[in-house]
1. I'd like the full set of residues that are farther than 16 Å from Arg166 by Cβ, within 16 Å of ligand 4 (Cβ to nearest atom) and either open to solvent by 30 Å² or more (accessible area, probe 1.4 Å) or not hydroxyl-bearing (Ser, Thr, Tyr) (or both), limited to segment 105-117.
2. Quick check on my filter: what residues within segment 189-217 are in contact with a strand residue (DSSP E or B) (Cβ under 8 Å, 6 or more places away or on another chain) and within 16 Å of ligand 2 (Cβ to nearest atom)?
3. Going by the structure shown, is Ala156 among the hydrophobic types (A, V, I, L, M, F, W, C), over 16 Å from Ala111 (Cα atoms) and surrounded by fewer than 14 Cβ atoms within 10 Å (Cβ to Cβ)?
4. May I ask you to list the residues in segment 113-139 that are more than 22 Å from Arg62 (Cβ to Cβ), at pLDDT below 95 and assigned to a helix (DSSP H, G or I)?
5. May I ask you to list the residues in segment 78-104 that are open to solvent by less than 40 Å² (accessible area, probe 1.4 Å), at pLDDT 95 or above and of a type in the set (A, V, I, L, M)?
6. Return yes or no: is Ala270 open to solvent by 50 Å² or more (accessible area, probe 1.4 Å), among the aliphatic types (A, V, I, L, M) and in contact (Cβ under 8 Å) with a residue 60 or more places away in the chain?
7. Considering only segment 59-89, how many residues are more than 18 Å from Phe119 (Cα to Cα), part of a strand (DSSP E or B) and not aromatic (Phe, Trp, Tyr)?
Amino acid sequence: AKLDGRGTYRFFEPEMDARMQARRKLELDMRQALARREFQLHYQPQLQLQSGTLIGCEALIRWRHPDRGLVSPLDFIPLAEEIGLIVPIGEWVIRQACRDAMAWPSHMSVAVNVSPAQFKSDRLVETIISALASSGLPAQRLEVEITEGVLLQENAKTLQTLHRLRELGVRVSMDDFGTGYSSLSYLRSFPFDKIKIDRSFVKDLATKPDGEAIIRAIAGLGKSLGMTTVAEGVETSEQMQRIRLEGCTDVQGYLISRPVPPAELAEVFALYPPA
Ligand code: C2E
Ligand code: CA
Ligand code: CA
Ligand code: CA
């Protein structure tokens, strides 16, 4: 143990030291990953229940690390966010997603996840304008998914950015709806196009007596606000049936398809031909 500047003891366990070193290594590796082209996007389709057609896909980043193999975004996005690296990584995601979507049927859109630090950076709107222009993707085919974290320090600038995206024609979705403290009040601050109902509520369908009631309430809310509602993490046809009954408009989940590399998308598209 050693006395730190505040006069309190801090303990440097060997275990903690190892963890800090691992973190530092991850940080170094991540700083080089873009240049080394180790990031990839996988895509997961969303199915419109009424028509039975695919309306678009969500882009989900993957890191093919030289020694670790495929690293989950859950294991590096938070760190990237913390050290600001999410800005260049996120920029790459937007550009790549727009390019990839150009190869899809023209009724399909692509959704990208934009995290709080990226949303706050001054470059987001310019990046999107530039990515749309250089790929040729119409703005209407791009969707931005934000979580409550983006709106947590809601201020004039956040709302201005959202409105600028909207003016461009880009659609905006509220991701992980229902998981935070004030999901409802955020719906009031901006007219989202889509509500993504968090996977945990879909899971509750089978296990909690009121599971259906929650989904039904969110679907009804979306309907009255003119927003589509997509249920995330749909894994079984029983869940899909319930979700349809409760009034959600779209579903996304392993039942339709796992997230797949771009080369495998055509196969998935063929399973759900346009009406
Ligand atoms: P998310 O935005 O909520 O994405 C949905 C996650 O649920 C994805 O995990 C997806 O693979 C997973 N999933 C989809 N269907 C099912 C299902 O039926 N069952 C189960 N158990 N899981 C399902 P993934 O790809 O590991 O991404 C995790 C999180 O990492 C994302 O959560 C998102 O917050 C973040 N993320 C992923 N890609 C990006 C990115 O390009 N930029 C940023 N900022 N964040 C990203
Ligand atoms: Ca998402
Ligand atoms: Ca989500
Ligand atoms: Ca999530």
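The values are calculated or read from the model by the stated rules, or taken from the named source; none is laboratory data. Small disclaimer: the values here were computed from a predicted structure and weren't measured. All Cβ positions, even for glycine, are placed from backbone atoms using ideal geometry, and neighbour counts span all protein chains on display. Calculation scope for accessible area: heavy atoms of the full protein, side chains included, ligands and nucleic acids excluded. Shrake-Rupley method; radii C 1.70, N 1.55, O 1.52, S 1.80 Å.
1. Asn113, Pro116 - these are the residues of segment 105-117 that are farther than 16 Å from Arg166 by Cβ, within 16 Å of ligand 4 (Cβ to nearest atom) and either open to solvent by 30 Å² or more (accessible area, probe 1.4 Å) or not hydroxyl-bearing (Ser, Thr, Tyr) (or both).
2. Phe192, Asp193, Lys194, Ile195, Lys196, Ile197, Asp198, Phe201, Val202
3. For Ala156, the condition - among the hydrophobic types (A, V, I, L, M, F, W, C), over 16 Å from Ala111 (Cα atoms) and surrounded by fewer than 14 Cβ atoms within 10 Å (Cβ to Cβ) - is met.
4. Selection gives Lys120 alone.
5. Within segment 78-104, Ala80, Leu85, Ile86, Val87, Ile89, Val93, Ile94, Ala97, Ala101 qualify.
6. For Ala270, the condition - open to solvent by 50 Å² or more (accessible area, probe 1.4 Å), among the aliphatic types (A, V, I, L, M) and in contact (Cβ under 8 Å) with a residue 60 or more places away in the chain - is not met.
7. 6
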